[in-house]
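Derivation of every value follows stated rules applied to the coordinates shown; laboratory data play no part. Because the structure is a prediction, the values reported are computed rather than measured. Here the Cβ is made from the backbone with ideal geometry for all residues, glycine too, and neighbour counts use every protein chain on show.
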Amino acid sequence: MIHYKNSAEIELMRDAALLVSKTLTEVARVLKPGITTLELDKLIGTFIRDNGGIPSFLNYRGYPFNSCTSVNDVVVHGFPNGKALNEGDIISVDIGVIKKGWHGDHAYTFAIGDPGPETVQLIQVTKESLYKGIEKAVAGGRVGDISSAIEEYTAKKYGYGVVRELVGHGLGKSLHEDPQVPNYGRRGTGAKLKEGMVLAIEPMINLGKRDVYTESDGWTVRTTDHQPSVHFEHDVAVRKGKADILSDYSIIEAAEAANPHLFVGRAAALPS
Ligand code: MF3
Ligand code: CO
C-alpha cells in the first residue's frame, strides 16, 4: 500500500532527510586515511541524537549499527569495523534517522585519496544517474521511468553492472514502504507516480558485473567479481512538473571539497 503525504508531512520529512544530510556532512569533514568505520559510526549516532533524531538502522531487522559503511567491493550494508581506511578506498555511507516520527534515509560515496580513473568515473556516473532518475519522479509518470533512466545511463551507456537484488523504496513513517524502485526496468511500466509519494531512490552500480552475494554475517553485500561498487541515495517527493529533493548534497559536497583527504573527480566524460 502506498502512503501519500500532504505538504505539512513532506516538510517534516524534509527535516528528517536534512538531518541525514547534516550527519553525512560531519562524515565528510572527518574522513581521512587511518580513521575507522566504527569511529565514524559512533560519531554518526552521537550527532543524530544530539540533533533530535534516532538512528533508524540500529536494530532494524536486527541490524547492529547506526550506519552502513560499505568500502570498495562492498555494495551496501557494510558493518562498521575497527579497520583503518586507506588512501585509494571508496566508501558509501548510508544513514537513516527518525525525527518526529518521520524517516530520512540517504547515502553518499566518498573517495579517500585517488581511487584511480575508472573508479572516479564510476562515482561520478552513479551520482549523475541518481539525478537522471530523479528527473523522472514527477506526477503522471511511472516508477519504471525512474528505473529505466538509471539503467540506461549506467548499464547501457557505460557498461556498468546494475545491482538487481536491492532496490529503492517508498519512505515515510516506515523505512521501507511501497512502491519498490528498482534501478533497472522499462519506462511506462510499474506503479503510477502521484503527488505526495516520497521515494528513496538509490542506484547501486558496479564497475564490473552486476552479480552480488551476501556474506555469512547476513548483511554485507559484495560484488562477486570484487570490483568496486558505488551507492548514492536521495529522498525525493513526487510533485507535478518537477521532483522535490528533500535531502541536500550541497552541504556534503562543500565539506567534501574542503577536505584535502577526499578526492573529488571532475564531471564524467562521455564513453568513447
Ligand atoms: N538505505 C538502505 C535501505 O533503504 C539502508 C537500510 S540498512 C538497514 O534499505 F540496516 F537499515 F537495514
Ligand atoms: Co534506502
* Asked: What ranking do 245-253, 100-108 get when scored by the average of other Cβ atoms within 10 Å per residue, highest first?
  -> 100-108, 245-253
* Asked: Over the alpha carbons of the chain, what is the largest minus smallest coordinate on each principal axis, giving the biggest first in Å?
  -> 48, 47, 38
* Asked: What does the convex hull of the Cα atoms come to per residue for region 180-272, in Å³?
  -> 197
* Asked: What size of dipole, in debye to the nearest 20, comes out for the chain about its Cα centre when the only charges are +1 on Lys and Arg C-beta atoms and -1 on Asp and Glu C-beta atoms?
  -> 760
* Structure fact -> In debye to the nearest 20, the charge dipole size for region 173-272, taken about the Cα centre with +1 at each Lys and Arg Cβ and -1 at each Asp and Glu Cβ, equals 620
* Summing -39500 (n - 2.57) over the DSSP H runs of n ≥ 4 in the chain and dividing by its residue number, what mean residue ellipticity at 222 nm do you reach, to the nearest 500 deg cm²/dmol? -> -9000 deg cm²/dmol
* Asked: With helices defined as uninterrupted DSSP H runs, which ones in the chain have an alpha carbon span along their own long axis of at least 30 Å and mean Kyte-Doolittle hydropathy of at least -0.5?
  -> 7-30
* To do: Any chance you could check the Cα centroid distance between region 1-38 and region 156-189 for me, in angstrom?
  => 19
* Structure fact -> If unit charges are put on Cβ atoms (+1 for Lys and Arg, -1 for Asp and Glu) and the dipole of region 52-158 is taken about its Cα centre, the option from ILE95, GLY141, TYR131 lying farthest towards the positive end turns out to be GLY141
* Highest to lowest packing among 65-71, 138-144, scored as the average C-beta count within 10 Å -> 65-71, 138-144
* Local electrostatic count, THR224, Cβ distance below 10 Å [Lys/Arg +1, Asp/Glu -1] -> 0
* Tally Lys/Arg at +1 and Asp/Glu at -1 over every other residue whose Cβ is under 9 Å from the Cβ of GLY104; what's the total? -> -1
* To do: Report the one residue of ILE112, LEU40, GLY53 whose Cα lies farthest in the direction of the positive end of the charge dipole of the chain (charges on C-beta: Lys and Arg +1, Asp and Glu -1; origin at the Cα centre).
  => GLY53
* Structure fact -> Here the net charge surrounding ARG29, from other residues whose Cβ is less than 14 Å away from its Cβ (Lys, Arg +1; Asp, Glu -1), is -2
